[in-house]
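Engineer: I'd like to ask you about the structure that follows.
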Amino acid sequence: MIGKLIFTRLILAVVTLLVVSILIFWTAEVLPGDIAARVLGRESTAQAREVFRAKLHLDRPIIQRYGIWLGGIIRGDFGQSLVNDRKVVDTIGPRLKNTLIIGLVAFALYLPVTILLASLAAVYRDRPIDSFISLLTLIGLSMPEFVSGTILLFFFAVAIPIFPVMALIDNAKSPLEALRILALPAITLMIIMSVYAIRMLRDNLIEVLDSEYIRMADLKGMSRRQVILRHALPNAIIPALNVTSLNLAYLIGGVVLVERVFSYPGLGSLLVDSILLRDVPVIEAVTLIVASIYIFANLFADVMTMILNPRLRYG
Amino acid sequence: MKKISHFLSVILILSFLLVACGSPTAAPSPTQQNATNPPVEPTQPTVEPTQPTVEAQCLKIGLSISSGETNSLDPFAIPTSEQAVMINQVYNRLMDLDNNFVVHPELAESWEPNGDATEWTFHLRQGVKFTDGKELTAADVVYSYKRLIDPADPSEAASSLSFLSPEGILAVDNYTVKFVTKKPVAELPVLITIKNAWIVEDGATKEQLRLNGVGTGPFIPVDFQPVQQPHKFVKNPNYWEPGLPKSECLEFYVIQEPTTRIASIQSGEVDIVEYVDFATIPTLMGDPNITLLKTSSASTSLTFAMWVDTAPFNDLKVRQAMKKLIDRQAIVDTVYLGYAMVADDNPIPPNSPYAWRSVVPGRDLEGAKKLLAEAGYGPDNPLKVDLYTADFMPGVVAAAQMFKEQAAEGNVEINIIVGPSADHWSNVWLKQPFVNSGWDPRPPGEALAICYRSDALYAETHWKVPAYDALLDEANTTVDPSQRTALYKQAGQMLTEQGGELIPIFTLGVAAMRSNCTGYERHIQSGRFDLRYATCNR
């Protein structure tokens, strides 16, 4: 039963991805500015631009070029970058790795911080600690990530220089150093992800804590800690899973600003650079990768929800 | 359920470990010393009372614009400052240009023209070696220039060097190069010292130069990759200028976010920041560890380009009224916080020896109203124009908005259309009759010609005046410097009084350096980045 459900979802995901790919290709085509002028520079000659356009077959119809592009992707070939003659895959590879690393660290921070703070707020509901956590998350919610990132930067890299300003992960000599380099951007990402999740998980927890079976557990003499860890959290966490999956996708694609503030060599900054240089194949490939992660993170969350909540399996 | 809670508690513990690891008490800014660097040579008897045990630390420079994957050490095309700055370290030019556009010997020790300036002979310095050991000869110079103007594959410098032809670049002997031109070129030494004119080895291809820049310059790239943090360069041990460069090695970091750039120099992670945003200047002004460096003369101009052949700007009175309406000093003070200088509607800065007047008259609202009335505009029939602008350089949009307010007082309604800066040069500039633009500083002959000659490729004002061209042509053939200067002054005056270019201000370039460092000066040309004398006392 669940196998069939997953299969249907998978098909749907692939169809969505196909639609997204059409959108991406079309959007990249209508980017403002002449590609040749961008790549070759403002003062390049018309002659050089002509040669460049011919080299890229920019004269062919868009449908034909889409077909060639999609065919390549299915074979794992994202084409050649326009601005250097390297394969797009070689350009993206190291950046994707960096983005995954920072995503992993941020996510590893996100889970415990969210669960801990949400549990504290729920258990000590309406007490000072709850108000304090609620205030913190409100501040976090209303502050864009580049602001919180910059504030962290000036506090912990300039005023008290315990972390580096530039998160140059490629130069880390040891895992420990890598963690030190990653700390500030990862914390920034963690903040922006967890503020919403904390509020949501807290409300869910409060709802669950008010239910009959928690009272039952209390009455049979379980400790408060055990009640929360064994009974309340697993039930409260299900609705929060979707938020988490969206956060996961955000981590991969939406870290552009954080990467920029910390000069982090990830996928986001590559995307910005490529847009500025009109490197269309790279733009398309990065966007497609981000879209796939987004779609599959959602799929994963759906499946997890189904597994955790038997009632949904037959829906 | 039990499994999940176990899983969660494991993650919890793990993450606390991670947090604990993430904040060590170790010293900040690790010295990432490259193992391949040569150790400090102890033979230098210079006065350097630094701690003798400290490993040579590289001079670290924060750059503002990324070249991304297009980054290259080939001087054939230099689209960004990232590239320009690094190319400056690897090669030499025949001559160097100072902030007043006076040429000084570099690889050429001396030069002289023939009587009518159609033949220029350059005598090369002898004994200069490329970093691969080959000696510099005239063949390298000839190749370097021919490559830039190759008709089959012209470089971005080809149009600036259009007075040269491949047949006219000759090696007389091993150490003598001759440039023969069809028409006299009185300013040839200045004009061939453009941003691309770095001397590469005879026969070097684009593919070779891209990653393996071999030059005669003060530094040598270490395993150069287009996208790399940092880009490393080490001292050229055989550099031909004795005692230079002063630093053992260089590290270039690209920090695109202005606030991060400021944070990195404040924390000491970099020693020099090549470009300081106007918005971040106040932050640095109060920092005792940092010296702000501004250019001694005008840097990039900000222009309002009006098409002189298109209504309403085809009326000279309208153009003159616009020039009288703008309050230049207010823009300098408000938008640029004093880091700019007033300009005089022509590309020569008023403090230059080539300027036709050194004092720019202030705003003249009544005069402007009078001119507009004569042109048929007034409070009942206001002049309405669309101004196309974009944030392609700091302060442009703010200056445009100030001008809008100032113009409104003279009953001129300026409708500002702000487009994306990426789009500005390809779809707006040269395509709309009233746009913002800007020009990097150039030698007077080139600055007056590049967008104002009748045959200019970038005729942003559609200024096509034979009498003006004649002045420039005459200046080009006038070998006597004072006579040539007089002609430049005439041309400048013509642009100020009649031209379609409203140039309210020149920006001043601003760089920042840690106070313990010396020997670096912000050059007016963003393409010139001299680090030979730069060094830090640690």
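The values are calculated or read from the model by the stated rules, or taken from the named source; none is laboratory data. Nothing here was measured: the structure is a model prediction, and the numbers come from that model. For neighbour counting, all protein chains shown are included, and Cβ atoms are generated from backbone atoms with ideal geometry for every residue, glycine included. When the accessible area is computed, the model is the full protein with side chains, heavy atoms only, and any ligands, DNA or RNA have been set aside. Shrake-Rupley method; radii C 1.70, N 1.55, O 1.52, S 1.80 Å.
Engineer: Looking at the stretch B:441-452 only, could you name the residues that are closer than 13 Å to B:Ser159 by Cα and open to solvent by 20 Å² or more (accessible area, probe 1.4 Å)?
Structural biologist: B:Glu446, B:Ala449, B:Ile450 - these are the residues of the stretch B:441-452 that are closer than 13 Å to B:Ser159 by Cα and open to solvent by 20 Å² or more (accessible area, probe 1.4 Å).
Engineer: Restricting to the stretch B:268-285, what's the tally of residues that are under 18 Å from B:Asn537 (Cβ atoms), at the interface with chain A (Cβ under 10 Å from one of its Cβ atoms) and either open to solvent by less than 10 Å² (accessible area, probe 1.4 Å) or out of contact with any strand residue (DSSP E or B) (no Cβ under 8 Å at 6 or more places or on another chain) (or both)?
Structural biologist: 1
Engineer: Answer with yes or no whether A:Ile289 is touching a residue at least 60 places away in the same chain (Cβ under 8 Å) and either part of a helix (DSSP H, G or I) or not charged (D, E, K, R) (or both).
Structural biologist: Yes: the conditions hold for A:Ile289.
Engineer: State the number of residues belonging to the stretch A:259-279 that are surrounded by 23 or more Cβ atoms within 10 Å (Cβ to Cβ), farther than 21 Å from A:Gly103 by Cα and not small (Gly, Ala, Ser).
Structural biologist: 2
Engineer: Within the stretch B:105-152, take every residue that is within 24 Å of the chain's Cα centre (by Cα) and part of a loop (DSSP other than H, G, I, E, B) and give me the one that is nearest to the other protein chains (Cβ to nearest Cβ). Before you say what the answer is, go through the steps one by one.
Structural biologist: Here is the first cut: in the stretch B:105-152, the residues within 24 Å of the chain's Cα centre (by Cα) are B:105-108, B:141, B:144-149.
The next check asks that each one be part of a loop (DSSP other than H, G, I, E, B); those that pass are B:106-107, B:149.
Values: B:Glu106: 24, B:Leu107: 25, B:Ile149: 11 Å.
Of everything passing the filter in the stretch B:105-152, B:Ile149 is nearest to the other protein chains (Cβ to nearest Cβ).
Engineer: Hey, another quick one. Which strands (runs of 3 or more DSSP E) does the stretch B:351-440 wholly contain that include 3 or more residues that are of a type in the set (A, V, I, L, M, F, W, C), open to solvent by less than 60 Å² (accessible area, probe 1.4 Å) and within 30 Å of B:Pro481 (Cβ to Cβ)? Explain how you work it out, then say what you get.
Structural biologist: On the way: elements: B:383-390, B:412-419, B:434-437.
Because the criterion is at least 3 residues that are of a type in the set (A, V, I, L, M, F, W, C), open to solvent by less than 60 Å² (accessible area, probe 1.4 Å) and within 30 Å of B:Pro481 (Cβ to Cβ), no strands (runs of 3 or more DSSP E) in the stretch B:351-440 meet it.
Engineer: Of these, B:Ile416, B:Ile450, which one is under 21 Å from the mean Cα position of the chain (by Cα) and among the β-branched types (Val, Ile, Thr)?
Structural biologist: B:Ile450
Engineer: If I filter the stretch A:85-108 for residues that are free of Cβ contacts under 8 Å to residues at least 40 places away in the same chain and assigned to a loop (DSSP other than H, G, I, E, B), do I get at least one hit?
Structural biologist: Looking for residues that are free of Cβ contacts under 8 Å to residues at least 40 places away in the same chain and assigned to a loop (DSSP other than H, G, I, E, B), one finds at least one in the stretch A:85-108, hence yes.
Engineer: While we're on this one: Please indicate, with yes or no, whether at least one residue in the stretch A:159-173 is open to solvent by less than 50 Å² (accessible area, probe 1.4 Å) and touching a Ser or Thr at 6+ places or on another chain (Cβ under 6 Å). Steps first, answer last, please.
Structural biologist: Taking the stretch A:159-173 and keeping what is open to solvent by less than 50 Å² (accessible area, probe 1.4 Å), we get A:163-169, A:171-172.
When the remaining residues are screened for being touching a Ser or Thr at 6+ places or on another chain (Cβ under 6 Å), the result is A:165-166.
So far as the stretch A:159-173 goes, yes, one or more of its residues are open to solvent by less than 50 Å² (accessible area, probe 1.4 Å) and touching a Ser or Thr at 6+ places or on another chain (Cβ under 6 Å).
Engineer: Another question, if that's okay. Within the stretch B:110-164, work out how many residues are open to solvent by 20 Å² or more (accessible area, probe 1.4 Å), within 27 Å of B:Glu241 (Cα to Cα) and hydroxyl-bearing (Ser, Thr, Tyr).
Structural biologist: Matching residues across the stretch B:110-164 total 5.
Engineer: Let me ask another. Is at least one residue of the stretch A:132-155 within 10 Å of another protein chain (Cβ to nearest Cβ) and assigned to a loop (DSSP other than H, G, I, E, B)?
Structural biologist: No: zero hits.
Engineer: Can you run down the residue pairs with Cβ atoms below 6 Å, 6 or more apart or on separate chains, where the first is in the stretch A:109-120 and within 13 Å of A:Thr244 (Cα to Cα) and more than 8 Å from chain B (Cβ to nearest Cβ) and the partner is small (Gly, Ala, Ser) and open to solvent by less than 20 Å² (accessible area, probe 1.4 Å)?
Structural biologist: Close Cβ pairs satisfying both conditions: A:Tyr110/A:Ser194; A:Thr114/A:Ser194; A:Thr114/A:Ala197.
Engineer: Could you please find all residues in the stretch B:65-99 being at pLDDT 85 or above, closer than 25 Å to B:Arg261 by Cβ and among the hydroxyl-bearing types (Ser, Thr, Tyr)?
Structural biologist: B:Ser72
Engineer: Could you check the stretch A:73-116 and list, in sequence order, the residues that are aliphatic (A, V, I, L, M), open to solvent by 50 Å² or more (accessible area, probe 1.4 Å) and either under 30 Å from A:Pro265 (Cβ atoms) or touching a helix residue (DSSP H, G or I) at 6+ places or on another chain (Cβ under 6 Å) (or both)?
Structural biologist: A:Ile74, A:Val89, A:Leu100, A:Ile101, A:Leu104
Engineer: Just need a number here: residues in the stretch B:170-207 that are assigned to a loop (DSSP other than H, G, I, E, B) and of a type in the set (Lys, Arg).
Structural biologist: Counting residues in the stretch B:170-207 that are assigned to a loop (DSSP other than H, G, I, E, B) and of a type in the set (Lys, Arg) gives 3.
Engineer: How about the stretch B:208-239: which of its residues are part of a loop (DSSP other than H, G, I, E, B) and either open to solvent by less than 30 Å² (accessible area, probe 1.4 Å) or touching a Pro at 6+ places or on another chain (Cβ under 6 Å) (or both)? So that I can check it myself, show each step before the final result.
Structural biologist: In the first step, residues of the stretch B:208-239 are kept if they are part of a loop (DSSP other than H, G, I, E, B); the result is B:212-218, B:223-230, B:236-239.
If the condition is that a residue be part of a loop (DSSP other than H, G, I, E, B) and either open to solvent by less than 30 Å² (accessible area, probe 1.4 Å) or touching a Pro at 6+ places or on another chain (Cβ under 6 Å) (or both), then B:Gly213, B:Gly215, B:Thr216, B:Gly217, B:Pro218, B:Phe224, B:Pro226, B:Pro230, B:Asn236, B:Tyr239 are the ones that fit.
Engineer: Which number in (1) surrounded by fewer than 18 Cβ atoms within 10 Å (Cβ to Cβ); (2) within 14 Å of another protein chain (Cβ to nearest Cβ); (3) modelled with pLDDT of 85 or more marks the one condition that A:Arg125 misses?
Structural biologist: (2)
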